Amino acid sequence: MLAHRRRRTQDELVDQSPLVATLAELVPLSIEQVRRTQGEDLWAQLLADHHYLGYCRPVGEHLKYLVWARGRPVACLGWSSAPRHLAPRDRYIGWSVQQRQRALHLLAYNTRFLLLPWVHVPNLASHLLARLAGRISADWQQVYQHPIHLLETFIDPARFVGTCYRAANWICLGPTSGRGHNDQTHRCDQPRKELWVYPLSPNFRRRLTQRHD
């Protein structure tokens, strides 16, 4: 979840000269989880300055990742607690209302993904999605004392086609209803987006539908 309040910090100077390379030339990459660290302000600044949705303060469980290469930030990713009602996702998992209420915290929602505009590295986006899929559950466990079993995100089809998610083996479940993440009115008053998911284990359905008490 996101609280729609803009945040500005004292801007850090960031090298914005073009960074053009292949992925092999760019490595090694450093992926830092910056939630509750000094890197959190830079993460917020970069999103406020360069993401088309800007920066919104996350509410609830969330993690923030800052990616570095050659001593420069190259990408920002944000993950948050999942929306409550998503019919395509709920059908895909096959859980009941009660099971969803018990296990929704075991999903993570990719709220922001920003490759900085001066970074031109083919396949970097899908590489980062794969890297994060391999570590996010352990990171969540460390901060919030529970794992993650399924990742999800929305893509605005008016702007993007989901190329990097498809290349990272995410699954498109189709359009959303347009009701918003935590709809209480049952009115379709939001832009319809595509919902994509990524299971973190072959038995994710069993893990999301079993009791956890």
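The values are calculated or read from the model by the stated rules, or taken from the named source; none is laboratory data. What you see is a predicted model, and the numbers here were worked out from it, not measured in a lab. With ideal geometry, Cβ positions are generated from the backbone for all residues, glycine too; neighbour counts draw on all protein chains shown.
Let's see how each residue does on (1) among the aromatic types (F, W, Y); (2) out of contact with any His (no Cβ under 8 Å at 6 or more places or on another chain); (3) surrounded by fewer than 16 Cβ atoms within 10 Å (Cβ to Cβ); (4) at pLDDT below 95:
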site	(1), (2), (3), (4)
K64	no, yes, no, no
W68	yes, yes, yes, no
G78	no, no, no, no
W95	yes, yes, no, no
Q99	no, yes, no, no
Y109	yes, yes, no, no
L115	no, yes, no, no
V119	no, yes, no, no
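Scanning region 76-101 for residues that are touching a helix residue (DSSP H, G or I) at 6+ places or on another chain (Cβ under 7 Å) and not aliphatic (A, V, I, L, M) returns C76, W79, S81, R84, D90, G94, W95, Q99, R100. Within region 64-97, the set of residues being in contact with a Leu (Cβ under 8 Å, 6 or more places away or on another chain), closer than 30 Å to Q16 by Cβ and in a loop (DSSP other than H, G, I, E, B) comprises R70 only. The residue of region 60-104 that is nearest to W196 (Cα to Cα), among those that are among the aliphatic types (A, V, I, L, M) and within 14 Å of the chain's Cα centre (by Cα), is A82.
Residues that are closer than 19 Å to T111 by Cβ and either modelled with pLDDT of 85 or more or exposed (fewer than 13 other Cβ atoms within 10 Å of the Cβ) (or both) within region 177-188 comprise just one, N182.
The set of residues in region 135-165 being among the hydroxyl-bearing types (S, T, Y), farther than 21 Å from R36 by Cβ and out of contact with any strand residue (DSSP E or B) (no Cβ under 7 Å at 6 or more places or on another chain) consists of T163 alone.
Quick one: which of D11, D90 is modelled with pLDDT under 95 and surrounded by fewer than 18 Cβ atoms within 10 Å (Cβ to Cβ)? Quick ask: steps written out before the conclusion?
Details: D90 fails: modelled with pLDDT under 95.
Residue meeting the stated conditions: D11.
Looking across A21, A44, one residue alone is under 13 Å from V74 (Cα atoms) and either surrounded by 12 or more Cβ atoms within 10 Å (Cβ to Cβ) or modelled with pLDDT under 90 (or both). It is A21.
Based on what the data block shows, is A82 among the small types (G, A, S), out of contact with any Phe, Trp or Tyr (no Cβ under 7 Å at 6 or more places or on another chain) and surrounded by 20 or more Cβ atoms within 10 Å (Cβ to Cβ)? First the steps, then the outcome.
Values: among the small types (G, A, S): yes; out of contact with any Phe, Trp or Tyr (no Cβ under 7 Å at 6 or more places or on another chain): no; surrounded by 20 or more Cβ atoms within 10 Å (Cβ to Cβ): yes.
No; evaluated as a whole, the condition is false for this residue.
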